[in-house]
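All remarks here apply to the structure that follows.
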Amino acid sequence: MEQTSLIINVLIAYGTCQAFFLAIILLRSNKSLFNKLFATLLIIEGITLFERLLVETSLINDLPHLLGISHPISFLKPPLLLFMALAITDKTFQLSRKRYLHFIPFGLMLLLNVPFYFLSGAEKLQTVTAFMEKIPSYQSFEFYFTLSFFAYIGIYIFLSLKQLTRFRKQVVNNALVNWYRVILLIYSIFLVLHLVYFLIQPLGQYNFALINQVSMLAMAFIIQSIAFKLISKSHLLNTKTPDLKDLEKRKEHERLILEQFEKDKVYLDDMLNLQRFSESISLPPSYVSKIINQRFNCSFKKLISKYRVGEAKSIIENTNDPKVKLIDIAHQAGFNNKVSFYRAFKEHENMAPSVYLEQKKAEENSAN
């Protein structure tokens, strides 16, 4: 078997150690189901990289019986990806007996590989060498069997992203959910690139072994690198899954809050605060604050500021008074002083209200 460059071997060794190291940290830091599932995924990646390292450094010649370990366990990854998504978006999610049916493909692959495991070390090496050097054909069963794995993992990634998207419609700023979504999107990109190469491989004499190891290394390395970032921000490990069981009730409260801002324009009251607002809609302040934070990704104060700035812009755009004063606009929009008006306007629009006013006047003059 051809050896890859020293750099790739070093990266594979690093990825192997990193995978097992992060798995241990995840299991020790928190006993949540997500951490256990993610640690399992990292262990699978670590085993896969370890086997690849043995093959690429020819150490497998001394340990031939380790060949073939990673192939069946790769079929554990698709359901693990989905279960991780469910674990951080559904507070009631558990690994029930019904859920274990997702591991049937893994069980079948394990059974199919039993004859291979009983081969001698030399026979295993010959089998793997022949596989690595073989150029797949559009007429071969192996080609379509491998293609089916892309479909298999693709379906699970799609379901995982769908679950995360559904959750993010209710809670936009859950750090763990957003982080895991990024992982899946990046993982998908490399999976698609690998699929494209696999599809065109029969058209020419391409080095599938090299592209396979590079793409696999890239996907594993990205997952583990982002995982390291996750662990460096330990508060993400302790992010709790919001209880979204009563979604209809929650949506009704969201509509009530939006109605107060959109229709009733409660933000025009310069004395408005969270306590007064919560009392007006008969909801606990902490609950209102949580909904606003999770749904709009900002505090109650920032939400008021956003609507007041929008109101100020509307007043500026619709005024016909060339001598209009900014302090009057500020008061009409719900601000009780000029300083808070300037600060809020610049924060949301990246310019001072005076600049915005002058721009609108210049646009009107040019139009006339």
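We did not get these values from a lab; they are worked out from the coordinates using the rules stated. From a predicted model like this one, the values you see are computed outputs, not experimental measurements. In this analysis, Cβ positions are derived from the backbone assuming ideal geometry, glycine residues included, and neighbour counts consider all displayed protein chains.
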task: Could you tell me which of rounded, prolate or oblate describes segment 272-360, using a ≥ b ≥ c as the square roots of the eigenvalues of the alpha-carbon gyration tensor, with rounded for a/c under 1.5 and, failing that, prolate when a/b is larger than b/c and oblate otherwise?
output: prolate
- request: Sort out for me the Cα centre separation of segment 142-185 from segment 59-91, rounded to whole Å.
  value: 16 Å
- line: Ranked output for segments 255-267, 94-106 by mean other Cβ atoms within 10 Å, highest leading, reads 255-267, 94-106
- request: Pop out the ³J(HN,Hα) list for segment 347-355 in order, Karplus 6.51 cos²θ - 1.76 cosθ + 1.60 with θ = phi - 60°, rounded to Hz; leave Gly and Pro as x.
  value: 5, 8, 10, 6, 7, 6, x, 5, 5
query: What is the fewest-to-most order of 351, 271, 109 by other Cβ atoms lying within 10 Å of their Cβ?
result: 271, 351, 109
statement: Of segment 167-200, those with amide N under 18 Å from the point 7 Å along the Cα→Cβ vector of residue 95 are none
field: Protection proxy ranking, peptides 189-198, 282-291, average beta carbon neighbours within 10 Å, highest first
entry: 189-198, 282-291
query: Taking 0.36 nm per intervening residue step and subtracting the Cα-Cα distance, what contour gain separates residue 102 from residue 61 on full extension?
result: 11.3 nm
- prompt: If each of residue 269 and residue 172 carries a label point 7 Å out from its Cα toward its Cβ, how far apart are those two points in nm?
  reply: 2.4 nm
